[in-house]
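Working notes, beginning with the structure itself.
Every read-out reported here was derived from the displayed coordinates using simple, explicitly stated rules and does not represent laboratory data. What you are looking at is a predicted structure, and each value in this text was computed from that prediction instead of being measured. Cβ placement follows ideal geometry from the backbone for every residue including glycine, while neighbour counts extend to all protein chains displayed.
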Amino acid sequence: MQAPLYQKILLKENKTFNILKVKRPYFAVPWHTHPEIEIMLVVQGKGT
């Protein structure tokens, strides 16, 4: 098993959070870690 990737989160000056919209036909987020809290919303999916 590989160790998780460290993801550096860059905030713009005077901003407290980032919003990133990703639209893909598949879910491809590698195992990663960072000290910030991450909230993810999956709008539609199928399978097991």
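Things worth noting here:
- Hey, L11 exposed (fewer than 10 other Cβ atoms within 10 Å of the Cβ), of a type in the set (A, V, I, L, M, F, W, C) and free of Cβ contacts under 8 Å to residues at least 12 places away in the same chain or not: no
- Among the residues of segment 14-48, the one identified as surrounded by 10 or more Cβ atoms within 10 Å (Cβ to Cβ) and of a type in the set (F, W, Y) is F27.
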